[in-house]
1. Among the listed residues ILE325, ILE307, which satisfies the condition of being under 29 Å from ASP50 (Cα atoms) and of a type in the set (Val, Ile, Thr)?
2. Residues that are touching an Asp or Glu at 6+ places or on another chain (Cβ under 8 Å), touching a residue at least 60 places away in the same chain (Cβ under 8 Å) and buried (at least 22 other Cβ atoms within 10 Å of the Cβ): does segment 353-374 have at least one?
3. Condition check: within 21 Å of GLY188 (Cα to Cα), acidic (Asp, Glu) and either modelled with pLDDT of 95 or more or surrounded by 22 or more Cβ atoms within 10 Å (Cβ to Cβ) (or both). Does ASP230 satisfy that?
4. Looking at segment 233-245, which of its residues are at pLDDT below 95 and of a type in the set (A, V, I, L, M)?
5. Name the strands (runs of 3 or more DSSP E) wholly inside segment 192-292 in which the number of residues that are in contact with a Pro (Cβ under 7 Å, 6 or more places away or on another chain) is 3 or more.
6. Which is at pLDDT 90 or above and small (Gly, Ala, Ser), of GLY373, GLY316?
7. Can you tell me how many residues within segment 105-134 are outside any loop (DSSP other than H, G, I, E, B) and touching a Cys at 6+ places or on another chain (Cβ under 7 Å)?
8. Any chance you could count how many residues in segment 68-97 are under 18 Å from GLY263 (Cα atoms) and touching a residue at least 40 places away in the same chain (Cβ under 8 Å)?
Amino acid sequence: MAAHRARRWSLGGLAFLMSAALASAVLINTSDSATNRAGAATTSTTWADDFDGSAGSPPSASKWTLETGGSGNGNHELQYYTNSTNNAALDGKGNLVITARKNSDAGLDCWYGTCRYTSARLNTARTFTQKFGHFESRIKVPRGQGMWPAFWMLGDDLGSVGWPDSGEIDIMENVGKEPGTVHGTLHGPGYSGSGGVGAAYTLPNGKAFADDFHVFAVDWSPSKITWSVDGQVYQTRTPADVSGKKWVYDHPFFLILNLAVGGDWPGSPDSGTSFPQTMTVDYVRVTTSDSGDTGGGTPRTGAIKGIGGMCVDVAGAGTADGTPIQLHDCTGAEAQKWTLGRDGTVRALGKCLDVKSASHADGAVVQLYTCNGTSAQKWAYTAARDLTNTGANKCLDAKGNSSADGTRLQTWTCTGAANQKWTIG
């Protein structure tokens, strides 16, 4: 797990953060607003990047800073981080692509000599920090021995107190030798490096994270931090988990995305590792929490509207297992009031939105069914307005691209078409 890593900052990075701390007055710090809203059971988006822009353009400088250097970041990593669009660029399809390449510049020096690889690392230290809330990103990781993608956070006081006293929250780390597993970890004073506190999540049926996009998130409150993958919660940590040591998750943190190559934990690339390798990021989103002390995902309640402005509806307002789900004119009835829960379920009339027989096939029937915790009832709502069944990795779809009253709903391979786009509330 991530505990094999000693530290994630470099001397150059620390110097950068110390200068950033001097400019902290311009940081967007939403900790007060998040706390003030805590008792109101409401949420708001405080920061997001959907990576819209022309192909080949750099990530927004108003949101991200690209770090540079080849220090190894305390982990004997092999890459040199650049600020070039060769290593971090938009793809013109709403994604950020971080690319690790073999280095061809003989003048590029790393801690071990001429650098073998280049890659990118982006942070929001100068532009955005937040204390508490929901932090998530939809990412497709690279593949191969020696690859080390990560989505994580560091305390904004890093420049003054140093690491690990500033705290570190690893939302997602993957190493290529474990293609089906990601790790979530806390690092703080007295529980860093090999003593980091965390857990792993492994995909079922031998699947690899590099095969498709997945949503990685944490929900952070004053008393606990909860990790999830595709809406499935897999660990919660509280001050009791640090065994009497200081719980340092009480101040703003900033975001980091990076793709490392090699290092003490993943090991070096081998003959089976092809280059270039890419870490593709669909979006990053931060919201305030719906209350001051909740775990899991952020619940949302309301109508789900789709193609033609029609509402997702339980046919006949029936509550029997197997009741069809359809499109219907919006009426405000209870059969059209849905709750996206912290556990990844979508509920109406006391039951769950369910894929019949847990099918992974295109055209699988969507129905109302007694909630049972299976993957057929796990859903993720994305910034692109897809409502995805995470068990099958397929999108909720209006059959035949129809908006007619009574159109049945099904799951289908995600295409981005209008009949797969949904608005909640």
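The values are calculated or read from the model by the stated rules, or taken from the named source; none is laboratory data. Everything numeric here is computed off the predicted structure, so don't read it as measured data. Every residue, glycine among them, receives a Cβ derived from its backbone with ideal geometry; neighbour counts consider all protein chains shown.
1. Going through ILE325, ILE307 in turn, just one is under 29 Å from ASP50 (Cα atoms) and of a type in the set (Val, Ile, Thr): ILE307.
2. No.
3. Values: within 21 Å of GLY188 (Cα to Cα): no; acidic (Asp, Glu): yes; either modelled with pLDDT of 95 or more or surrounded by 22 or more Cβ atoms within 10 Å (Cβ to Cβ) (or both): yes.
Judged against the criteria, ASP230 is not a match.
4. Of everything in segment 233-245, just one residue is at pLDDT below 95 and of a type in the set (A, V, I, L, M), namely VAL233.
5. Values: elements: 197-202, 214-220, 225-229, 232-237, 253-261, 277-287.
The qualifying strands (runs of 3 or more DSSP E) are 277-287.
6. Residue meeting the stated conditions: GLY316.
7. 1
8. 13
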